[in-house]
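The values are calculated or read from the model by the stated rules, or taken from the named source; none is laboratory data. All of these numbers come straight from a predicted model, not from anything done at the bench. Positions of Cβ are backbone-derived with ideal geometry, glycine not excepted, and every protein chain shown enters the neighbour counts.
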Amino acid sequence: MTSPAALARAEWGQLWSTAHRGLVARRWRAAPMTLGAVCLTALFQYAQNQAWGYRFVQGVGSVRAEDPLWLSVLRTPLSLFVPALDLPVWGALAQVLIVFGIAEICLGWRGTLAIGYVATLAGTLYARVGIALGPDSPLGLPTSDALLVDNGPSAAVVGLAVYVCWRHRARWTASVVVALMVIEAAMKPNLAGKEHLAAMTAVALVAVARWALATGRHRDTERSGSGVPPIRS
């Protein structure tokens, strides 16, 4: 019978060793983008709760489905760092610090921003599709949700958590994250919950595409090594 320690090593060993090596080697310099993201999120939270800053933050980083598509896409990069007004900011800051930090060590800052942006943009685009489908569809949303602000860093956090776990073979952990988001969306079928599902779907497609590309390259390498010419499309 496999011991709990062995199961933990099998699930988190690769992820832990990658993150631990990065932190030991570079300490806080291992995740400078994450530290900047935490500071920017805190700054946006402070500003949007001030009379002088609310309109500014809304103008540069708050995305609603009622906005023109070009404007939403333009605001989406900064929307990753605008926390929800109705939720405790400490939760958002902790999520960004932990998940973005691990992702930056494992994927690099470019990979972290790319996956975070894909996840957030997927949620933004889904909101428009869901409202077009209407509340009678299982994937739809009520028209009133067009007035709601998208859910800020959380879609990026969920997407990054799933992607990093998949990349580093913590497959059961990724499955638990997905299951929790599905349960959340089923119990509370609001805009935020369904945007999380859209974010995870987009990230899963990226992961599948990356796996297919890597598999194709591996097969080409094997054919080349065996003297069989690779198949070209």
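Is it the case that the stretch 83-90 has a residue that's under 30 Å from residue 167 (Cα atoms) and in contact with a strand residue (DSSP E or B) (Cβ under 8 Å, 6 or more places away or on another chain)?
Yes - at least one qualifying residue is present in the stretch 83-90.
Are any of the residues in the stretch 94-115 more than 30 Å from residue 11 (Cα to Cα) and either touching a residue at least 60 places away in the same chain (Cβ under 8 Å) or of a type in the set (A, V, I, L, M) (or both)?
no
Looking at (1) out of contact with any Cys (no Cβ under 7 Å at 6 or more places or on another chain); (2) modelled with pLDDT of 85 or more; (3) not β-branched (Val, Ile, Thr), can you tell me which one residue 27 breaks?
(2)
Can you name the residue in the stretch 116-158 that is surrounded by 19 or more Cβ atoms within 10 Å (Cβ to Cβ) and among the polar types (S, T, N, Q) and is also farthest from residue 101 (Cα to Cα) among such residues?
Among those residues, the one meeting the criterion is 124.
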